[in-house]
Structure formats: structure tokens, C-alpha cells
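Asker: Got a structure for you, questions after.
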Amino acid sequence: VQLQASGGGLMQPGDSLRLSCAASGRTRTRYMMGWFRQAPGKEREFVAAISWSGGSTVYADSVKGRFTISRDNAKTTVYLQMNNLKPEDTAVYYCAVSNRVIITTTAQFYDYWGQGTLVTVSS
């Protein structure tokens, strides 16, 4: 399974940005998708995850109410809509796929990872 993330860039505080991640290759029929991020000098952290159907989503407290995860299964793509960006959102954002059925926030339970896309929020 290959994941291609895109959409990162240099933004100002308060801006909005949408990240996309397209999955290709031998994906299972049903799989969970998620976004993680890693800021400079920090460990990778969970951002958001979405179930196969899209009916269940989970968010980190730091992004709840500002970020929205969604998916288009026809396009095998997951999106992360980020609103009201803050400087602390600056990080490399990674998309990931998990073959687990139960939604999870734990990185070790994700099986495939994209290459990451950089989001910088600065005035």
C-alpha cells in the first residue's frame, strides 16, 4: 500500500488548509485511516482518525473543533480540513492506514504510512 500526502504549505495564523492523502495498491476492503504529525524536536502525535464508513471519527484534544477528517472511499482518499490554524500546528503531517476495524489513536497499530507533508504556520 502506498500513501501520497499533499496540500501542505506556509500559512498564517487563522488560515485554513486542506490536506489530502491518496491510497493505492493492495488495500483491504475495509481499513481505517488517520493523520499524525511531528513538530520539530517532538515526537509524532495523533491528530485524527476515521473509520472505514466515515461514521466514526476521533480527534486529538488540541485540534478538536478546528480540524475535520473525512474520506472518499471511491477515491481511496482521506482529507484533513484544518481551520483556524495556529503556530503550534506547525509540523510534518503524515497519513496512515490501519487494517484494524476498531478506530485507534495509537501509531503502532497503523500498518502503512505516507511520506509526510509540511505545514508551517507563521506570521
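Asker: For the range 1-71, what is Rg from Cα atoms divided by 2.2 N^0.38 Å, rounded to two decimals?
Answerer: Here the answer is 1.20, to two decimals.
Asker: Any idea what Rg and Dmax come out to for the range 42-123 if you just take the C-alpha atoms, in Å?
Answerer: Just the Cα atoms of the range 42-123 yield Rg and Dmax of 12.7, 41 Å.
Asker: How much accessible area per residue does the range 31-123 have, in Å², with a 1.4 Å probe?
Answerer: Accessible surface, normalised per residue, equals 49 Å².
Asker: Cut-off under 23 Å on the C-alpha distance; same-chain residues fewer than 8 positions from residue 86 excluded. Which lysines are left, in chain and number order?
Answerer: 42, 64
Asker: I'd like to compare 43-50, 85-92: which one has the highest average count of other Cβ atoms within 10 Å, and what's the full order after that?
Answerer: Going from most to least packed, we get 43-50, 85-92.
Asker: Give, as a single signed number, the net charge of other residues whose beta carbon lies under 13 Å from the beta carbon of residue 5, with Lys and Arg counted +1 and Asp and Glu -1.
Answerer: Cβ neighbours under 13 Å give a net charge of +2.
Asker: Whenever you get a sec, compute what percent of the accessible area on the chain sits on carbon and sulfur atoms (1.4 Å probe).
Answerer: Carbon with sulfur: 46 percent of the solvent-accessible area.
Asker: I would also like to ask the following. Local charge sum around residue 84 (other residues, Cβ-Cβ under 10 Å, Lys/Arg +1, Asp/Glu -1)?
Answerer: 0
The values are calculated or read from the model by the stated rules, or taken from the named source; none is laboratory data. Please read these numbers as outputs of a predicted model, since none were measured by experiment. All Cβ positions, even for glycine, are placed from backbone atoms using ideal geometry, and neighbour counts span all protein chains on display. With ligands, DNA and RNA removed, areas are computed over all heavy atoms of the protein, side chains included. Shrake-Rupley method; radii C 1.70, N 1.55, O 1.52, S 1.80 Å.
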